[in-house]
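S.K.: This is the structure, below, for whatever I ask next.
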Amino acid sequence: MLLRRILCPALSLWLAATLWAETPAVPDPIEGVWLGTITAPQDTVADIGLEFFRTKRSTLVFRLNFPDMFTYAVTFMIPVEADGHGHYAITPAFNTKLQLEGDQLRGTFGLAELLLTLKRGGAFLPKPVAPHHPAAPAPLWKFASATAATLSSPRPATSIPRGPRSRSPSLS
């Protein structure tokens with residue numbers, strides 16, 4: 001009887017915890033890194049990469065790596081919509097529609113519906129190191145006082161000759 005009083009509540013708690021525990025989402029075929037190109041209307045081609053992953057709450061989101069737009073592995077917490085048949089959408093923020101075809105993702109990107117072609121695998125290009133620029137030169141002008149109307153120059157002032165002006169155009 002004592003064993004029953006101890007074992008039944010413990011077993012009930014374990015069973016409730018097991019049943020109510022959040023089950024992890026089944027991995028989506030799109031999850032992982034995808035690298036490829038995006039083509040503009042004038043046939044300009046740029047590298048692009050997307051990494052799809054799940055959040056702690058099992059929401060499918062993505063990282064964008066688009067070096068031509070100075071975007072390196074930026075995580076966007078915008079849900080990726082999946083229909084369960086290989087069609088994906090990132091709307092309305094990116095207006096992107098994708099179709100999974102084997103190990104390729106094809107679709108359109110943005111309002112201009114730029115052609116997007118991606119293949120599974122690889123790694124994003126790293127963000128380049130910022131170039132080192134020399135220090136800027138000293139300023140030519142500075143404020144002499146708190147009033148903005150008074151300026152002083154570190155260069156010596158040149159005098160403008162003042163004297164009688166002739167109204168006739170002479171070369172003398």
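S.K.: Can you give the local net charge around Asp28? Use residues other than it whose beta-carbon is closer than 14 angstrom to its beta-carbon, Lys and Arg +1, Asp and Glu -1.
M.R.: Net charge around Asp28: -2.
S.K.: Tell me which lysines have Cα within less than 25 Å of Lys127's Cα, excluding those fewer than 8 residues away on the same chain?
M.R.: Lys119
S.K.: Can you check what the net charge comes to around Thr75, using other residues whose Cβ is under 15 Å from the Cβ of Thr75 (Lys, Arg +1; Asp, Glu -1)?
M.R.: +3
S.K.: Between Thr55 and Val129, what is the spin-label point distance in nm, taking each point 7 Å from the Cα along the Cα→C-beta axis?
M.R.: Label-label distance for Thr55 and Val129, simple model: 3.6 nm.
S.K.: Explain nothing, just compute: Karplus ³J(HN,Hα) = 6.51 cos²θ - 1.76 cosθ + 1.60, θ = phi - 60°, for every residue of region 80-87 in order, whole Hz, x for Gly and Pro.
M.R.: For region 80-87, the Karplus-derived couplings read 8, 8, 10, 9, x, 10, x, 9 Hz, x marking Gly and Pro.
S.K.: How much length, in nm to one decimal, is gained on full extension between Thr91 and Leu111, taken as 0.36 nm per residue of separation minus their Cα-Cα distance?
M.R.: 6.2 nm
S.K.: Long-range amide H contacts for Ile78: which residues qualify at under 5 Å (H placed 1.01 Å from N, peptide plane, sequence gap of 5 or more or a different chain)?
M.R.: Hits under the 5 Å cutoff: Phe62.
S.K.: While we're here: Where does each of 132-144, 39-51 land if you order them by average Cβ count within 10 Å, highest first?
M.R.: Output ranking for 132-144, 39-51: 39-51, 132-144.
None of the figures in this text is laboratory data; all of them are computed from the coordinates on show. Only a predicted model underlies this, so the values are computations on that prediction, with no experimental measurement involved. Neighbour counts are summed over all protein chains in view; Cβ atoms, including those assigned to glycine, are modelled from backbone coordinates with ideal geometry.
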